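None of the figures in this text is laboratory data; all of them are computed from the coordinates on show. None of these values were measured; they are calculated from a predicted model. FYI the Cβ positions are ideal-geometry reconstructions off the backbone, even for glycines, and counts take in every protein chain you see.
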Amino acid sequence: MSFVDYLQALPTERLKLAQYSATSADVERALSSCEGSLSGLMALLSPAAEPYLESMAQRAAQLTRQRFGATIGMYLPLYLSNLCANECDYCGFSMGNKLKRKRLNLEELRQEIAIIKRRGFDSLLLVSGEHETKVGIDYFVSMLPEVKRHFSFVAMEVQPLSEDGYRCLVSHGLDAVMLYQETYNPQVYRQHHTRGNKQDFAYRLASAERIARAGVDKIGLGVLFGLDDWRFDALLMGHHLHYLEHQHWRSRYSISLPRLRPCTGGVQPKVALSDKGLVQIICAFRLFNPQLEISLSTREPAALRDHLYRLGITHISAGSSTEPGGYAHPQTQLDQFEIADNRSVEQVVDALKAQGLTPVWKDWEAGWINQSP
Ligand code: SF4
């Protein structure tokens, strides 16, 4: 059964009701043993878990240090292009937004790489808008080898590709793919994605399985919190993660927890996720899955980021630009969203060290790729 079929068969209304009816006893049971338990995750994400946030945070911090040590993985996004053939009403790159469009050429890519390398990063996230013809597989193949010459770990956050497309990129050095569903509610998804290939909810939902079958080392899932009920969207992301870990156990998994940020022509959050709610999600997922990587971008403000490192976050970006060519030529008119943590890399590293955490610049090498089972 594919995850698309799995989600269709899930009695979502009944599940949502059960989540909102969870009791203190359910939460206490989950606190003592939640690993791998979807009902435990449901309880920890429920309103009934709010009074237990302190206990959840202590347990999450302990599990995180036990599994990951006193370290935080560092990565940086490099925006290849802001061209996009989709309309997503929460994103500055939406096709209808009047902004200067750009796609990096090889020389511009080299300039960005030189700056990022000088800042110490060895793990890179390549990002682009979703434009099949102008920023498609041929373009990625032309840029990836240059990137891979300089970075030991290369992730991509681009439009969903075919299984062969992913396989081709793996052969050129791709290590990880981040592909966020935005919301697991098909009706809400339809309201926010009004034009372009991204309207196809099911194709996007099935992408993680194609990515895993293509032999990608790490797969990132994510929800854009603010589009729909965050408790239930987070729970469905947990179901997706659980499904993938059982079906495609050779890949590693990570999650991102972005909240809606202001952007050019963007919408305001319909269902705002508070800082407290964000903490609850991080802790719930850590208790559910101690080995899960959880990343946090510069969308969140400095003070909050510094507080969250200890709870369950394993990977962060720092000194990010969200515009193509933005490291060499910052312009602030081509951004995907506004950055809330504007500190330099050095300032973020100092903040980590002040908490006894060591920044790690290199991600794992995907040793098993191209090996037979
Ligand atoms: S979220 Fe992605 S697909 Fe949607 S407009 Fe922005 S860049 Fe394009």
**Report entry** Selection count where residues are within 15 Å of the ligand (Cβ to nearest atom) and either in a loop (DSSP other than H, G, I, E, B) or more than 18 Å from the chain's Cα centre (by Cα) (or both), scope segment 68-90
**Finding:** 9
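One line per residue, one yes/no per condition, for (1) under 18 Å from Cys34 (Cα atoms); (2) of a type outside the set (Asp, Glu):
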{"position": "Arg204", "(1), (2)": "no, yes"}
{"position": "Ile219", "(1), (2)": "no, yes"}
{"position": "Gly222", "(1), (2)": "no, yes"}
{"position": "Asp228", "(1), (2)": "no, no"}
{"position": "His242", "(1), (2)": "yes, yes"}
{"position": "Arg259", "(1), (2)": "no, yes"}
{"position": "Ser274", "(1), (2)": "no, yes"}
{"position": "Val279", "(1), (2)": "yes, yes"}
{"position": "Phe285", "(1), (2)": "yes, yes"}
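Conditions tested, residue by residue: (1) surrounded by 15 or more Cβ atoms within 10 Å (Cβ to Cβ); (2) not aliphatic (A, V, I, L, M).
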residue	(1), (2)
Gln19	yes, yes
Thr23	no, yes
Ala70	no, no
Pro77	yes, yes
Gly96	no, yes
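Quick one: would you say Ala212 is more than 18 Å from Asn86 (Cα to Cα), touching a residue at least 12 places away in the same chain (Cβ under 8 Å), surrounded by fewer than 18 Cβ atoms within 10 Å (Cβ to Cβ) and of a type in the set (Gly, Ala, Ser)? Write out each step before concluding.
Working: more than 18 Å from Asn86 (Cα to Cα): yes; touching a residue at least 12 places away in the same chain (Cβ under 8 Å): yes; surrounded by fewer than 18 Cβ atoms within 10 Å (Cβ to Cβ): no; of a type in the set (Gly, Ala, Ser): yes.
For Ala212, the condition - more than 18 Å from Asn86 (Cα to Cα), touching a residue at least 12 places away in the same chain (Cβ under 8 Å), surrounded by fewer than 18 Cβ atoms within 10 Å (Cβ to Cβ) and of a type in the set (Gly, Ala, Ser) - is not met.
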Report summary line: Counted residues in segment 186-207 being touching a residue at least 60 places away in the same chain (Cβ under 8 Å) and farther than 22 Å from Phe93 by Cβ come to 2
Report task. Report whether or not Met56 is among the aliphatic types (A, V, I, L, M) and touching an Asp or Glu at 6+ places or on another chain (Cβ under 6 Å). Result -> no
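Return yes when Ile255 is touching a Leu at 6+ places or on another chain (Cβ under 6 Å), part of a strand (DSSP E or B) and in contact (Cβ under 8 Å) with a residue 24 or more places away in the chain and no when it is not.
Numbers: touching a Leu at 6+ places or on another chain (Cβ under 6 Å): yes; part of a strand (DSSP E or B): yes; in contact (Cβ under 8 Å) with a residue 24 or more places away in the chain: yes.
When the stated conditions are applied, Ile255 passes them.
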Requested in this report: Among the residues of segment 11-28, count how many are more than 26 Å from the chain's Cα centre (by Cα), among the β-branched types (Val, Ile, Thr) and either under 22 Å from Leu63 (Cβ atoms) or in a helix (DSSP H, G or I) (or both).
Outcome: 1
Query - Selection count where residues are part of a loop (DSSP other than H, G, I, E, B), in contact (Cβ under 8 Å) with a residue 24 or more places away in the chain and of a type in the set (Gly, Ala, Ser), scope segment 100-142 - result: 2
Query raised in the report: List, please: which pairs have Cβ atoms under 6 Å, are six or more places apart or on different chains, and start with a residue in segment 45-60 that is under 23 Å from Ser21 (Cβ atoms) and end with one that is buried (at least 19 other Cβ atoms within 10 Å of the Cβ) and β-branched (Val, Ile, Thr)?
Result: Ala48/Val27; Ala49/Val27; Tyr52/Val27
Query raised in the report: Among the residues of segment 131-152, is there at least one that is touching a Ser or Thr at 6+ places or on another chain (Cβ under 8 Å), under 28 Å from Leu7 (Cβ atoms) and buried (at least 21 other Cβ atoms within 10 Å of the Cβ)?
Result: yes
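Filter segment 91-133 down to the residues that are polar (S, T, N, Q), more than 16 Å from the ligand (Cβ to nearest atom) and within 20 Å of the chain's Cα centre (by Cα) and list them by number.
Our first condition is that a residue be polar (S, T, N, Q); within segment 91-133, this holds for 94, 97, 105, 111, 123, 128, 133.
Narrowing the set further to residues that are more than 16 Å from the ligand (Cβ to nearest atom) leaves 105, 111, 123.
Correct list: Ser123 only.
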Report summary line: Apart from one, (1) farther than 21 Å from Leu241 by Cβ; (2) away from the ligand (no atom under 16 Å from the Cβ); (3) over 23 Å from the mean Cα position of the chain (by Cα); (4) surrounded by 15 or more Cβ atoms within 10 Å (Cβ to Cβ) all hold for Leu31; the odd one out is (1)
